[in-house]
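Throughout, read-outs are computed from the coordinates displayed, never taken from laboratory work. Owing to the predicted nature of the structure, the values given are computational and were not obtained by experimental measurement. Here the Cβ is made from the backbone with ideal geometry for all residues, glycine too, and neighbour counts use every protein chain on show.
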Amino acid sequence: MDETPEELEQIRREADQIDVHHYRKRFRFLGAIALGALMAGLVALVMWMVDSKRNPCERVRDHFCKQQPGGIACKTYGGVFDESVHDDNPEMRANIKAQCLSKIERLKEEDGITVK
């Protein structure tokens, strides 16, 4: 031991200031950020899946019924929505839903209306 007692005391003080868990704290912090980002992505995915599962004819009906609750378009698309759900032929249901989806796209392109 070539150090003097003063040097040893200084070495002890410097050693006491060293945080041995510095990297563990940093990785826990980064892990918490990653977990938060993962959960936010999961919530966004679930919301997207719920929204895309919704029947396009229901969306069109809701749009027109919100504009004019007793209007002709509301009643018409109410019947179309009923057919898109309760028709016996699955091909016909798919065709009706495709027509409603094209109506949504046409409203967006021609009139600039976003159907929610």
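Tabulated results
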| read-out | value |
| --- | --- |
| Relative contact order (%) - the chain, alpha-carbon pairs under 8 angstrom, separation at least six | 20 percent |
| Relative contact order, percent, the stretch 59-113 [alpha-carbon distance under 8 Å, six or more residues apart] | 26 percent |
| Distance-filtered residues of the stretch 78-92 - backbone nitrogen under 17 Å, label point 7 angstrom along R54 Cα→Cβ | 78, 81-82, 85 |
| Contour minus Cα-Cα distance for L101 and A32 (0.36 nm per residue) | 20.8 nm |
| Proximal charge balance of E3 [Cβ under 12 Å; K/R count +1, D/E count -1] | -3 |
| The chain: angle of helix 22-53 to the longest principal axis, Cα-based, in degrees nearest 10 | 0 degrees |
| Percent of alpha-carbon pairs separated by more than 15 Å within the stretch 1-54 | 70 percent |
| The stretch 69-114: C-alpha gyration tensor shape, a/c 1.5 cut-off, then a/b vs b/c | oblate |
| The chain - Rg and Dmax from Cα coordinates, angstrom | 31.5, 99 |
| Theoretical ellipticity at 222 nm over the chain - DSSP helices of four or more residues, -39500 (n - 2.57) apiece, nearest 500 | -26000 deg cm²/dmol |
